[in-house]
Amino acid sequence: MDSLTDRQVSEYFHRSYKAADGLWFMKVEEKYGFDAALGIDKEVWKVLPKIQARMIKSMLAENGSKVTLLDSLIVKLSLESFKFRVEQDEDSFRIRISDCPWHDLMIKSGRETLSGAVGTAICGIEYSVWAVWASELDENVEFTLEAQKCKGSKHCILNFKRCRINSPPVRLLPKARAHTWML
């Protein structure tokens, strides 16, 4: 592949990934309706994050890096062109997303009114799966989705709280809890 640079190859796969994600959804929606497409999308996102997490873990391990949930999420979000900032302390970390490429695509395609429904359904599942996957790294983590751009917030805010060793296994919290953070 001498005619394309590594960057061009990367961009090709990046765009193809985004296009395939949106295209299959819209085709299912055309045939069966929005609710059916969203239901299938939820099932996809119960599995895909595990595949992504294990691939990133393998890639980081090849480089001799110690693999953590936070490092894995940083790689994932960077690869998908999110713009974000990480805030952390000893017991938790928070990812504050200022630019979500998926929400931006919904706006660009004239589907902004559906972005909140998709984001609420998918992001909650996706990052909960990442939190469960952290148990493969011997991390016990709770996840809450505190805020979402697609629902009018300035940022998406993903909270990951490390549980104590004597805590029960990973719990998925159905509702975001409000936190006060000193920034």
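Odds and ends about this structure:
Residue-wise test of (1) of a type in the set (K, R); (2) touching a residue at least 40 places away in the same chain (Cβ under 8 Å).
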position	(1), (2)
R7	yes, no
S10	no, no
Y17	no, no
A20	no, no
K31	yes, no
I40	no, no
Q52	no, no
L60	no, no
V67	no, yes
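- F13 being hydrophobic (A, V, I, L, M, F, W, C) and assigned to a strand (DSSP E or B): no
- Looking only at the stretch 66-104, and only at residues there that are more than 15 Å from the chain's Cα centre (by Cα) and not in a loop (DSSP other than H, G, I, E, B), the one that is nearest to K50 (Cα to Cα): S92
- Matching residues in the stretch 134-145 - criterion: being surrounded by fewer than 21 Cβ atoms within 10 Å (Cβ to Cβ) and in contact (Cβ under 8 Å) with a residue 40 or more places away in the chain: E136, L137, E139
- Close pairs (6 angstrom Cβ cut-off, 6 or more residues apart or separate chains): touching a residue at least 60 places away in the same chain (Cβ under 8 Å) in the stretch 107-123, part of a helix (DSSP H, G or I) anywhere: A121/L38; A121/K42; I122/W45
- Some residue of the stretch 72-81 being surrounded by 11 or more Cβ atoms within 10 Å (Cβ to Cβ), farther than 20 Å from R15 by Cα and of a type in the set (D, E, K, R): no
- Some residue of the stretch 49-61 being surrounded by 13 or more Cβ atoms within 10 Å (Cβ to Cβ) and of a type in the set (G, A, S): yes
- The residues of the stretch 27-48 that are over 19 Å from the mean Cα position of the chain (by Cα) and either exposed (fewer than 13 other Cβ atoms within 10 Å of the Cβ) or not in a helix (DSSP H, G or I) (or both), listed by number, are K27, E30, K31, Y32, G33, D35, A36.
- Annotation note: of L158, L145, the sole residue that is among the hydrophobic types (A, V, I, L, M, F, W, C), at pLDDT 90 or above and touching a Gly at 6+ places or on another chain (Cβ under 8 Å) is L145.
- Condition met for K154 (in a loop (DSSP other than H, G, I, E, B), farther than 19 Å from K18 by Cα and either of a type outside the set (D, E) or within 16 Å of the chain's Cα centre (by Cα) (or both)): yes
The values are calculated or read from the model by the stated rules, or taken from the named source; none is laboratory data. Every value quoted in this text rests on a predicted model; they were computed, and no experiment measured them. In this analysis, Cβ positions are derived from the backbone assuming ideal geometry, glycine residues included, and neighbour counts consider all displayed protein chains.
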